[in-house]
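Colleague: Got a structure for you, written out below as structure tokens; questions coming shortly.
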Amino acid sequence: MTIRLLLVDDQALIRAGFRMILEETDGIEVAGEAPDGAEAVRLTAEVRPDVILMDVRMPGVDGIEATRRIMARDPAARVLILTTFDLDEYAFAALRAGASGFVLKDVPVDELTRAVRAVAAGNAVVSPRITRSLITAYTSHRPVPAGRARAVLDQLTPREREVLRAVAAGLSNTEIAGRLVVSEATVKTHVGSVLSKLNLRNRVQAVILAYDIGLVG
């Protein structure tokens, strides 16, 4: 199945470069381009892309606000953020707004196409190393809202809490399975249950929530 992609960047040369790379990749079609966040919101509604490759830093409506508006209209939309720095508060804010992950602008071509395919398939794209760095940098000192932690944790079984804590530590399903001495399929089931019960889109949002409520940190 062909993945329809919307490119969003305020620099025309960067858009042209990504278009050239992506259109040479089997199974990916560039369905449109937008020079800013406002146009990205409009075109998303018009062309209905499978993935939105979104620059995070743009004049006017930036990638964070554009992601927020897109997700408000269509919670099933899939946004992959483009950023220059792997520790970027803008990229982190976009994840909070509902983005499915982010990649660096100088990422190798094969990693970029894998990221696009992963997001199109409904997965999150942030490596465990970067997840840990982002969370440590931007949430370790956030106050925990009174009563919120208990309200969240009461929805989960003890094993699901263990799994959420492990996900927040940046562990993969394989690593979690080894730690808990269960199968990867069992871990996947638990992760899915946690996301469903807590109304979360992906593992990245699960990590953010775990730190917000003080489960880890």
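Colleague: Could you work out what % of the accessible surface of the chain is carbon and sulfur, using a 1.4 angstrom probe and leaving DNA, RNA and ligands out of the count?
Modeller: Carbon plus sulfur share of accessible area: 53 percent.
Colleague: Kindly sort Asp50, Asp9 by accessible area of their heavy atoms, largest first, with the probe set to 1.4 Å.
Modeller: Numbers: Asp50 55, Asp9 5 Å².
Per-residue accessible area, sorted high to low, gives Asp50, Asp9.
Colleague: Taking only protein heavy atoms into account and a 1.4 Å probe, give the accessible area per residue of segment 163-217 in Å².
Modeller: Values: 2410 Å² over 55 residues.
That works out to 44 Å² per residue.
Colleague: Positive end of the dipole of the chain, charges at C-beta (+1 Lys, Arg; -1 Asp, Glu), about the Cα centre: which of Leu200, Val51, Ala120 has its Cα farthest in that direction?
Modeller: Result: Leu200.
Colleague: Send over a whole-number figure in Å² for the accessible area per residue of segment 1-64, probe 1.4 Å.
Modeller: Result: 47 Å² per residue.
Colleague: Could you order Ile213, Ile14 by accessible surface area, starting with the largest, using a probe radius of 1.4 Å? Kindly include the intermediate steps, with their values, before the conclusion.
Modeller: Working: Ile213 10, Ile14 45 Å².
I get Ile14, Ile213, largest accessible area first.
Colleague: Same structure again: If I ignore ligands, DNA and RNA and count only protein heavy atoms, how much of Leu200 is accessible to a 1.4 Å probe, in Å² to the nearest 10?
Modeller: The accessible area of Leu200 comes to roughly 30 Å².
Colleague: What relative contact order, as a whole-number percentage, does the chain give when Cα pairs under 8 Å and 6 or more residues apart are counted? Kindly include the intermediate steps, with their values, before the conclusion.
Modeller: Details: 340 pairs, mean separation 33.9, N = 217.
Relative contact order, the chain: 16 percent.
Colleague: Considering only protein heavy atoms, with the full assembly of protein chains and a 1.4 angstrom probe, order Phe85, Phe18 by accessible area, largest first.
Modeller: In descending accessible area the options line up as Phe85, Phe18.
Colleague: Over all directions, average the projected area of the Cα convex hull of the chain and note it in nm².
Modeller: Its average projected convex-hull area is 12.0 nm².
Colleague: Taking H placed 1.01 Å from N in the peptide plane, check which residues at least 5 places from Ile28 or on another chain put their amide H under 5 Å from its amide H.
Modeller: Placed amide hydrogens put Ile3 under 5 Å from Ile28.
Colleague: Hey, what number do you get for the chain at 222 nm if only DSSP H runs of n ≥ 4 count, each worth -39500 (n - 2.57), divided across all residues, to the nearest 500?
Modeller: -16000 deg cm²/dmol
The values are calculated or read from the model by the stated rules, or taken from the named source; none is laboratory data. From a predicted model like this one, the values you see are computed outputs, not experimental measurements. Note that each Cβ is placed from the backbone with ideal geometry, even for glycine, and that neighbours are counted across all protein chains shown. Each accessible area value is taken on the protein alone, full model and side chains, heavy atoms only, with ligands, DNA and RNA left out. Shrake-Rupley method; radii C 1.70, N 1.55, O 1.52, S 1.80 Å.
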